[in-house]
Amino acid sequence: MPERITLTINGRWCEALEGTTVAAAIMNAGAACRASATGELRGPLCGMGICFECRAIVNGKPHQRTCQMLCEAGMEVNTQ
Amino acid sequence: MAAVACAAEGGRHVAVVDDNFTLGGQIWRGKDTPLKTAEVWRARVAAANVVRIQGARVFAQPAPGVLRAEQNGSYVDIAYEKLILATGARERFLPFPGWTLPNVAGAGGLQALVKNGLFVEGKRIVVAGSGPLLLAVAAYLKRHKAKVLAICEQAPLSRLLKFATSIVTDKEKLLQAVVYKSQTLSAPFHTGCWPVSAQGKERLESVTLRKGNRTWTIACDYLACGFHLVPNTEVPELLGCRLLDGKVAVDEWQQTSILDIYCAGEPTGVGGVELALVEGQIAGYAAAGLPDNARSLFAERARRRKFAQKLEEAFALDSALKELPQDDTVICRCEDVSYLTLKDEPSWRAAKLHTRCGMGPCQGRICGAATEFLFGWNAGSVRPPIFPATLSCLEAIPELLELQETR
């Protein structure tokens, strides 16, 4: 039985199964990862760490490539 | 993984440097890939006592025979006698109005996200673009209980039929195709068809497709859209390896134009996982000084390379796709540079200097392939850092610290 992890996304508590990346958790929550240079909301595109559209603030640090990060208990994720 | 296993089994001391958190690249992403082949190779690597450096991105070559990679905010220098590059490929994204909406992802991109926990059960998904990946992704999504509403391949039916008949003799590929097709029978499969726009307010809500003179709009939750693959050649280029037609040039031993640097898999020509595995084995054996083992795989490689050539021919991109962007369509997503701003620039370099296109975090990995197709621009040489590196990592570098102190 995969472990369930709780983390916050834009202040709301969300649950993710073990092995879920932060990017997938953000998408599951219906949130966006970042706002672009002209303010467009953006989400993951390439899913493999090269497009940087999945950048979000994780535990206070911005520009984290969330598709290359696994969810951890108590993580605080915010749209950047 | 194939290169690692073969080199280690040949008695060499082997380390693998990987940006991902676990081995397997994109094709075997996700810890529970049930494929037998993946399990076999995982077991061989596990048994091989290899040094694994995960979550590390190569960004510079500080000295011959040394690679520098960022890991956890600092850097690690890896010295090597022989180097095997297996940097894989990325999807080609072509811009169209609405392609930047959240929930528009690549075809392989959406699959990677699902492998890493994205829920798609009951979600309405359109799969579009080009290449055999589309069918594989659609079948995968269906197995995960998504509603695949349409599969849209830009290549015309005539070329696909030609491709299909040419692989009839390749039993493995044929079986794979038949399996994917049977798994996706309920989803309409359109050829000569592509998305002309995506709509939605905060996220994707619908996609408009065109086939010939007909256009129609489908309400959906995700669009998985990618136009075949392009090799990741940044690290080979950084090291000075010669490229031919955008692919890393290698000899029969998978050795590049630089002595002791080998390259295997998609960077030498996109050809799928079986070809990559064979090339990886050849590179591993050759680098480990076991030429006979390597030579025994030459025939299989030649056979599989033929498939790669057929792929390229079958899925060549329709020039009508160049007309998709409107003036206000974003081309460079990192810097929000529009088609209107770019279309009169004479070259990649001019566009970069005048508009910042290609200067963002992706360093042209996304917009480079798009502008090459749209305008025929050549992205030119790479310069370190070839991947964004944090200040904390760069600050830790002794040579840079020395420079600071002498001011």
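Would you mention how many residues in the stretch B:115-133 are open to solvent by less than 10 Å² (accessible area, probe 1.4 Å), more than 7 Å from chain A (Cβ to nearest Cβ) and under 29 Å from B:F307 (Cβ atoms)? Let's see the steps before the verdict.
In the first step, residues of the stretch B:115-133 are kept if they are open to solvent by less than 10 Å² (accessible area, probe 1.4 Å); the result is B:116, B:118, B:120, B:125-131.
Those left that are additionally more than 7 Å from chain A (Cβ to nearest Cβ): B:120, B:125-131.
Of the ones still in play, those that are also under 29 Å from B:F307 (Cβ atoms) are B:125-131.
The number of residues fulfilling the criteria is 7.
Within the set of pairs 6 or more residues apart or between chains, which connect a residue that is among the basic types (K, R) inside the stretch B:152-167 to a residue that is assigned to a helix (DSSP H, G or I) with Cβ atoms less than 9 Å apart?
B:R159/B:E313; B:R159/B:A314; B:K162/B:K310; B:K162/B:E313; B:K162/B:A314
Out of everything in the stretch B:10-22 that is farther than 12 Å from B:A287 by Cβ and of a type outside the set (V, I, T), what residue ends up being surrounded by the fewest Cβ atoms within 10 Å (Cβ to Cβ)? Before the answer, list the steps.
Within the stretch B:10-22, the first condition is being farther than 12 Å from B:A287 by Cβ, and the residues that meet it are B:15-22.
Keeping just the survivors that are of a type outside the set (V, I, T) gives B:15, B:18-21.
Values: B:A15: 13, B:D18: 20, B:D19: 21, B:N20: 17, B:F21: 15.
Only one residue tops the list, namely B:A15.
With (1) in a strand (DSSP E or B); (2) at the interface with chain B (Cβ under 7 Å from one of its Cβ atoms) as the list, and A:C14 as the residue in question, which single condition is left unmet?
Of everything listed in (1) in a strand (DSSP E or B); (2) at the interface with chain B (Cβ under 7 Å from one of its Cβ atoms), A:C14 misses just condition (2).
What residue, of B:A89, B:A69, is touching a Leu at 6+ places or on another chain (Cβ under 8 Å) and of a type in the set (G, A, S)? Write out each step before concluding.
Working: B:A69 fails: touching a Leu at 6+ places or on another chain (Cβ under 8 Å).
Unique residue meeting the criteria: B:A89.
Considering B:K147, B:K211, B:K181, which residue is modelled with pLDDT of 95 or more, closer than 18 Å to B:G108 by Cα and surrounded by fewer than 18 Cβ atoms within 10 Å (Cβ to Cβ)? Break it down into steps so the answer makes sense when it comes.
Working: B:K211 fails: closer than 18 Å to B:G108 by Cα; B:K181 fails: modelled with pLDDT of 95 or more.
Unique residue meeting the criteria: B:K147.
Here is a yes/no grid of residues against (1) crowded, with 19+ Cβ neighbours inside 10 Å; (2) more than 21 Å from B:Q54 (Cβ to Cβ):
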site: A:I26; (1), (2): yes, yes
site: A:A32; (1), (2): yes, yes
site: A:S36; (1), (2): no, yes
site: A:G39; (1), (2): no, yes
site: A:M48; (1), (2): yes, no
site: A:R55; (1), (2): yes, no
site: A:C67; (1), (2): yes, no
site: A:C71; (1), (2): yes, no
site: A:M75; (1), (2): yes, no
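Give B:T100, B:T87 a once-over and let me know the one that is in contact with a Pro (Cβ under 7 Å, 6 or more places away or on another chain), among the β-branched types (V, I, T) and within 30 Å of B:P195 (Cα to Cα).
Details: B:T100 fails: in contact with a Pro (Cβ under 7 Å, 6 or more places away or on another chain).
After ruling out the rest, the residue left standing is B:T87.
Would you please name the residue that is farthest from the other protein chains (Cβ to nearest Cβ), looking only at residues in the stretch B:23-43 that are open to solvent by 50 Å² or more (accessible area, probe 1.4 Å) and within 18 Å of the chain's Cα centre (by Cα)?
Pass one, the stretch B:23-43, residues open to solvent by 50 Å² or more (accessible area, probe 1.4 Å): B:26-27, B:31-32, B:34-37, B:39-40, B:42-43.
Narrowing further to those that are within 18 Å of the chain's Cα centre (by Cα): B:26-27.
Values: B:Q26: 5, B:I27: 11 Å.
My answer is B:I27.
A:E3 fails exactly one of the following numbered conditions: (1) over 25 Å from B:T329 (Cα atoms); (2) within 9 Å of chain B (Cβ to nearest Cβ). What is the number of that condition?
(2)
Say we look at the stretch A:55-64 and pick out the residues that are more than 9 Å from chain B (Cβ to nearest Cβ) and touching a helix residue (DSSP H, G or I) at 6+ places or on another chain (Cβ under 8 Å); which of these is nearest to A:C33 (Cα to Cα)? Quick ask: steps written out before the conclusion?
Keep residues of the stretch A:55-64 that are more than 9 Å from chain B (Cβ to nearest Cβ), which gives A:56-62, A:64.
Remaining after also requiring touching a helix residue (DSSP H, G or I) at 6+ places or on another chain (Cβ under 8 Å): A:56, A:58, A:64.
Values: A:A56: 5, A:V58: 10, A:Q64: 10 Å.
Once the filter is applied, the top-ranked residue is A:A56.
Only residues that are in a loop (DSSP other than H, G, I, E, B) and touching a strand residue (DSSP E or B) at 6+ places or on another chain (Cβ under 8 Å): list them for the stretch B:334-358, please.
Within the stretch B:334-358, the first condition is being in a loop (DSSP other than H, G, I, E, B), and the residues that meet it are B:334-336, B:343-347, B:356-358.
Hits for the stretch B:334-358 are B:D336, B:R356, B:C357, B:G358.
Do we find a residue being at pLDDT below 95, assigned to a helix (DSSP H, G or I) and either in contact with a Pro (Cβ under 9 Å, 6 or more places away or on another chain) or open to solvent by less than 20 Å² (accessible area, probe 1.4 Å) (or both) anywhere in the stretch B:44-51?
yes
The values are calculated or read from the model by the stated rules, or taken from the named source; none is laboratory data. Nothing here was measured: the structure is a model prediction, and the numbers come from that model. Cβ: placed from backbone, ideal geometry, glycine included. Neighbour counts: every protein chain shown. With ligands, DNA and RNA removed, areas are computed over all heavy atoms of the protein, side chains included. Shrake-Rupley method; radii C 1.70, N 1.55, O 1.52, S 1.80 Å.
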